[in-house]
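Chemist: I'd like to ask you about the structure that follows.
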Amino acid sequence: MRYFVAVDGTTLQVELGPEGAEVDGVAVSADLARREGTDSMSLLLDGESYRVLAKRLDDGFWELHLRGRRFAVEAVDERTHTIRAMTAASAAPAGPRPIRAPMPGLLVQLEVAVGDRVEAGQGVAIVEAMKMENELKAEAPGVVTRILVAPGQAVEKDQVLIELQAPVDAGEGAG
């Protein structure tokens, strides 16, 4: 089965089959096992062992934690990838995704204000959950249009915290 996996602005083609796995046409030795009852997985990749926390967010979107780093990942099968590619040309640009709480917790800090321009990967808020502070980051460049929460407020999983719109560069159209 072929999948398309987008991580940090790069899309990889992953082929899984009875002979093994390939990433962008290169054979890799991989074994993945979920630790029962948890979001934790054990990944053995080309002889090196990794502990991965994987949390499914919504259709094809995942939050992965690996060696102290957080990754926003989209993984879709070939059919879904093809359908999205065919409909993307006719669809209006969607703009950056709103910032959502990845889990229930307490909003500790806002790092942006309405009108601020943010870059992909920039921290925008900190949510405390299970006695850990989690920095939420923008997935794409944008401008903050609404902030729907305040520091000290309890938030629920998937609650929209910050809304963004695509940035408009002042120099566009100038000639």
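Chemist: Does segment 97-156 hold any residues that are open to solvent by less than 40 Å² (accessible area, probe 1.4 Å), assigned to a loop (DSSP other than H, G, I, E, B) and over 22 Å from residue 39 (Cβ atoms), and which are they?
Modeler: First, the residues of segment 97-156 that are open to solvent by less than 40 Å² (accessible area, probe 1.4 Å): 99, 101-103, 105, 107, 112, 118, 123-127, 129, 134, 136, 138, 140, 142-144, 149, 155.
Checking which are assigned to a loop (DSSP other than H, G, I, E, B) leaves us with 101-103, 112, 138, 140, 149.
Of everything in segment 97-156, those that are open to solvent by less than 40 Å² (accessible area, probe 1.4 Å), assigned to a loop (DSSP other than H, G, I, E, B) and over 22 Å from residue 39 (Cβ atoms) turn out to be 112, 138, 140, 149.
Chemist: Restricting to segment 35-50, give me the number of residues that are of a type outside the set (Gly, Ala, Ser) and under 19 Å from residue 74 (Cα atoms).
Modeler: The number of residues fulfilling the criteria is 3.
Chemist: Could you list all residues from segment 68-78 that are touching a residue at least 24 places away in the same chain (Cβ under 8 Å) and in a strand (DSSP E or B)? Walk me through how you get there before you give the answer.
Modeler: Step one: of segment 68-78, the residues touching a residue at least 24 places away in the same chain (Cβ under 8 Å) are 70-78.
If the condition is that a residue be touching a residue at least 24 places away in the same chain (Cβ under 8 Å) and in a strand (DSSP E or B), then 70, 71, 72, 73, 74, 75, 76, 77 are the ones that fit.
The values are calculated or read from the model by the stated rules, or taken from the named source; none is laboratory data. Since the structure is predicted, the reported quantities are computational estimates derived from the model, not experimental observations. Cβ: placed from backbone, ideal geometry, glycine included. Neighbour counts: every protein chain shown. Surface accessibility is based on the protein's heavy atoms, side chains included, excluding ligands, DNA and RNA. Shrake-Rupley method; radii C 1.70, N 1.55, O 1.52, S 1.80 Å.
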